Amino acid sequence: MSANQPQELGTSTIATDISTQQATYLPPSDLAAKYHKGIQQHLAVQPHASASKAGSTKIKTIENFYVRPRWLFVRVETEGGVVGWGEGTLEGHTEAVQGSLRDISRRLIGWDAMNIEEIYTYLYRHRFYRGGEVLMSAMSGVDIALWDIKGKVLGVPVWELLGGKIRERCDVYGWVGGDRPSDVMEQAKVRKAQGFTRVKMNATESIGWLDSPHALDDTVQRLAQVKSIGIDAGLDFHGRVHKGMAKQLAAALEPHRPLFIEEPLLPGHVNELKDLYNKTTIPIALGERLFTRLDCRPYFEAGCIDIIQPDIAHAGGISETKKIAIMAEAYDIGVAPHCPLGPLAFAASLHIGFSTPNFVVCEMSWKMHYNTGGFDLFTYMTNPDVFKVEGGSVGLLTTPGLGIELNEELIRKEAAEAEKLEPWINPLFRGDDGMIREW
């Protein structure tokens, strides 16, 4: 009698006998035992001295500082003397964001810095025209600073204000290669030695709308080289690759199993991205050029991405980025904050990660190709050890606010020097015929 033939009720079948014999109950793993009662990490809470004084949390001043290599820091101070720092970097559009910040600063003096949601709603809704990279980046800088202030006033890390920690470490990845990727093998070895288990690199150099298929060969070879040393790699198409080439490249990369492909098509091509999604098993990531939940909504509803990559310095700061993350979870989409920026944006992104179930990994700009002239992620910090990479991740930030300390004297000095210089702008790519190509 076969295992699947009908049997009389109450009798034992061959199939049930086999399943009973094969059932194995393992003891709890070390991690299950460690976290049996959840994450236990006590933090002493010490509110700021001004917390109980009426009017002390009103906004007194808002300043912004453009500093090299290409970052825009925002400083907000309350009447009680609490200083919060944020970042509104919009690479290549610094002066536009600074103009918006001047308007925001004029409007917000005297508002209660603790009312973050009210301020966000006012800045987003009150002025009729809303959204877009410039306004949202300016709002981001202020919003992050307000969360920093609130944490410092109450004496808790920002993640505590976002519902508490759900993990003790956040996975991160570093960069190899540059705008024109090369020498990725040696750079990947350095990243591995630095503690990274994941890296990202640009998929291609400048590429034509319909280029030779051989233009993709080096991309496949670079991925194979990097993976050969035992680390994972995501590939950033950067919107450079148009539809005809993108599906070829995704197919060629698939046997090498990249961690993800990022912006395989330019934002706005939702239907085309869905077609590509249906042709590949590689996780598709996108989102640095989406700035609100409404911008993300078509991609979520179309089911054409696996990972959303909001940039906290562009997407309304902590307030909107957290809402995007919550929305993404309903579509089984992971969150991997885009962050080739400064320490404030990185710290804010980590706080999202520490408090968000569907967080997967965060970009880290330490020693990346944009950080030139001796300016890097730790340049303006006095406690860089909080960003130490171990086992491919960064540990919990535990001090009030964002949890990083800045050298304000250096920031002011550098901003005065940088003001004399032209702000950073992105490179210009052209084809052999002179036609401008996607960067």
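The values are calculated or read from the model by the stated rules, or taken from the named source; none is laboratory data. The model shown is predicted, which means the values in this text are computed figures rather than measured ones. In this analysis, Cβ positions are derived from the backbone assuming ideal geometry, glycine residues included, and neighbour counts consider all displayed protein chains. Side chains are part of the model used for accessible areas, which takes the heavy atoms of the whole protein and leaves out ligands, DNA and RNA. Shrake-Rupley method; radii C 1.70, N 1.55, O 1.52, S 1.80 Å.
Scanning segment 405-438 for residues that are open to solvent by less than 60 Å² (accessible area, probe 1.4 Å) and over 19 Å from Pro69 (Cα atoms) yields Phe429, Gly431, Gly434. Flag: Pro343 matches the condition of being over 11 Å from Cys170 (Cβ atoms) and open to solvent by less than 10 Å² (accessible area, probe 1.4 Å). Can you report the number of residues in segment 345-377 which are within 12 Å of the chain's Cα centre (by Cα) and part of a helix (DSSP H, G or I)? Here the count works out to 9. When Ser365 is tested against (1) crowded, with 21+ Cβ neighbours inside 10 Å; (2) within 29 Å of Leu154 (Cα to Cα), only condition (2) is not met. Just one residue in the set Arg70, Arg106, Arg75 is more than 12 Å from Val142 (Cα to Cα) and crowded, with 19+ Cβ neighbours inside 10 Å; that residue is Arg70. Of all residues in segment 387-396, those satisfying the criterion of being in a loop (DSSP other than H, G, I, E, B) and over 19 Å from Asp148 (Cα atoms) are Lys388, Gly391, Gly392.
Report yes if Thr399 is in a helix (DSSP H, G or I) and among the polar types (S, T, N, Q), otherwise no. In short, no. Summed over segment 186-224, residues that are out of contact with any Ser or Thr (no Cβ under 6 Å at 6 or more places or on another chain) and over 17 Å from Gly174 (Cβ atoms) total 17.
Report whether or not Arg180 is part of a loop (DSSP other than H, G, I, E, B) and either open to solvent by 30 Å² or more (accessible area, probe 1.4 Å) or modelled with pLDDT of 90 or more (or both). The answer is yes for Arg180.
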